[in-house]
Amino acid sequence: MPGSLRYQNPEVQDRLASNYVIGTMRGKARDRFEKIMRVNQDIARRVHFWEEKFQPLHKGTVEVAPKRSTWTRIVNRINGASDQIVVKLLSQLRFYRFLSAAAISVALVVGILSFTNFSTIETEAAPSINYVAVMENNQEDAVMVVTLKKTDRLLSLDILKKPQVPQSSTLQLWAVSREDGSIRSLGVVELKGHTERNLSKAEWGLIQSAEHLIVSVEKTGGSITGTPSTLLVAKGLCVKVEDWQSRSG
Amino acid sequence: MKNSFDPDVLEKLLARIALKDQKALEQLYRLVAPKLNGVAMMIVHDNDLSNDVLQETFLQIWEKAGEYRRDVSEPMTWMSSLIRYRSLDKLKSENREQKRREQHEEVQRLFQDNLRGSPLSDILNSDNNVRLHRCLQALEVLNRNAILMAYYYGYSREDIAIHIEKPINTVKVWLKRGLGRLAKCLGH
């Protein structure tokens, strides 16, 4: 019987479906069957019938606690995809920071819509970036980008759009812990386009456990209370980036 | 499945996951990951491999939650099927089957004293109101055990033949006969 007709036979459908569900259909036959199942609703229905009927066997299956690292790996894989988007966007933002604020806004939109087709700027490869935070203001415009490299614990901060800061004031960067929400200082920020500084070990630890980075406006010299003021100018998720080589410096 | 796997709760979590809600994924993981990991362990019999399979399954749940339909299958059935199929893939890719055959004493007990001593005996005897249990108990021992070895422990037909030292064609006949009778008993 030709394949297409053969699969119309209810008995054949049932035999194939039951063998698929119990797992005795293997290899290429299994791959072929999965393709047929996607287009043949009768066969898919029979597969679901067998899956549902066998499910009570798992009632007594002993639970086995997963390893702690498994959830972390899942989260990293899920966020990995978005990390790559952020990092690609970052390389474009750096290119566009030389343009006007208006052009940056356009670049953001164009970058988000078409980054997959965007050819990245080829420069000498730099050490890999380990964390990145695209910092947004209250209007959700990207105004700063913070990148961190494990090598030399280097923190780089690019100001894409200069915030309005009163005289006798300064900006201060903070890490917000994902564990307990505590906020710790990462130092004052110079109002320059691009700044870099090496973090201490303790500060690097803050980055590793940070959910967000925030930038507040403080009196010159920085917060004397050890906590940020209520005037925040930027906030961004601190995302771990793995195995990514910076191409933009 | 235990009452804690409330299908309404799981369905809502899957709906939120379809909208890419990571908190919902985390809640789902806390609820069902130990059970799903247990299902994988029965097949791959290795802690590292079962955790790999669990990871792949949750990534698949993250990607495919939008395709889940309650009118087609219950949430735990859908997720258990995903992890069983990924476990079978893992066995193949890791070429683990020979090693597992050597390790697996539990299956040996399937063939002793009509299921006594096997963890499955508790399940099958636990609730006679479950139609599957009644139908499996009604099968000839060899037919039933071939089905259970395949479904619960992930044995291929070749595995079963080697394990019980019978020709593969005999195993195929047992499976065909057993599944045919099971289908009738289950009312399909």
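Considering the range B:16-38 alone, what residues qualify as being under 13 Å from A:Thr61 (Cβ atoms) and more than 9 Å from chain A (Cβ to nearest Cβ)?
B:Val32 - this is the single residue of the range B:16-38 that is under 13 Å from A:Thr61 (Cβ atoms) and more than 9 Å from chain A (Cβ to nearest Cβ).
Conditions tested, residue by residue: (1) more than 19 Å from A:Ser223 (Cβ to Cβ); (2) in contact with a Ser or Thr (Cβ under 6 Å, 6 or more places away or on another chain).
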{"site": "A:Met144", "(1), (2)": "no, no"}
{"site": "A:Thr147", "(1), (2)": "yes, yes"}
{"site": "A:Thr151", "(1), (2)": "yes, no"}
{"site": "A:Leu154", "(1), (2)": "yes, no"}
{"site": "A:Lys161", "(1), (2)": "yes, no"}
{"site": "A:Pro166", "(1), (2)": "no, no"}
{"site": "A:Gln172", "(1), (2)": "no, yes"}
{"site": "A:Val176", "(1), (2)": "no, no"}
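A:Thr61 fails exactly one of the following numbered conditions: (1) more than 8 Å from chain B (Cβ to nearest Cβ); (2) under 22 Å from B:Met42 (Cα atoms); (3) not charged (D, E, K, R). What is the number of that condition?
Checking A:Thr61 against (1) more than 8 Å from chain B (Cβ to nearest Cβ); (2) under 22 Å from B:Met42 (Cα atoms); (3) not charged (D, E, K, R), the one that fails is (1).
From (1) at pLDDT 95 or above; (2) over 13 Å from A:Val64 (Cα atoms), pick out the condition that doesn't hold for B:Arg70.
(1)
If I go through the range A:193-220 residue by residue, how many of them are more than 20 Å from A:Ile129 (Cβ to Cβ) and surrounded by fewer than 20 Cβ atoms within 10 Å (Cβ to Cβ)?
The total comes to 4.
Among residues belonging to the range B:59-73 that are out of contact with any Phe, Trp or Tyr (no Cβ under 9 Å at 6 or more places or on another chain) and within 7 Å of chain A (Cβ to nearest Cβ), point out the one that is nearest to A:Gln55 (Cα to Cα).
Checking each candidate, the answer is B:Ser73.
Can A:Arg77 be described as under 34 Å from the mean Cα position of the chain (by Cα) and without any contact (Cβ under 8 Å) to a residue 12 or more places away in the chain?
Yes; evaluated as a whole, the condition is true for this residue.
Is it true that some residue in the range B:116-135 is outside any helix (DSSP H, G or I), at pLDDT 85 or above and at negative phi?
Checking the range B:116-135: not a single residue is outside any helix (DSSP H, G or I), at pLDDT 85 or above and at negative phi.
Of all the residues that make up the range B:139-186, how many are within 19 Å of B:Arg84 (Cβ to Cβ) and either polar (S, T, N, Q) or surrounded by fewer than 16 Cβ atoms within 10 Å (Cβ to Cβ) (or both)?
Of the residues in the range B:139-186, 3 are within 19 Å of B:Arg84 (Cβ to Cβ) and either polar (S, T, N, Q) or surrounded by fewer than 16 Cβ atoms within 10 Å (Cβ to Cβ) (or both).
Can you tell me which condition B:Met41 does not meet? The list is (1) modelled with pLDDT under 95; (2) assigned to a helix (DSSP H, G or I); (3) more than 8 Å from chain A (Cβ to nearest Cβ), and all the others hold.
Failing condition for B:Met41: (3).
Read through the list (1) assigned to a loop (DSSP other than H, G, I, E, B); (2) over 16 Å from A:Phe54 (Cα atoms), then give the number of the only condition that B:Thr170 fails.
With respect to (1) assigned to a loop (DSSP other than H, G, I, E, B); (2) over 16 Å from A:Phe54 (Cα atoms), B:Thr170 is out only on (1).
Which residue, of A:Leu186, A:Leu173, A:Leu157, A:Leu213, is part of a strand (DSSP E or B), under 28 Å from A:Asn76 (Cβ atoms), of a type outside the set (Gly, Ala, Ser) and touching an Asp or Glu at 6+ places or on another chain (Cβ under 7 Å)?
A:Leu186
The values are calculated or read from the model by the stated rules, or taken from the named source; none is laboratory data. Nothing here was measured: the structure is a model prediction, and the numbers come from that model. As a convention, Cβ positions derive from the backbone with ideal geometry for all residues, glycine included, and neighbour counts pool all protein chains shown.
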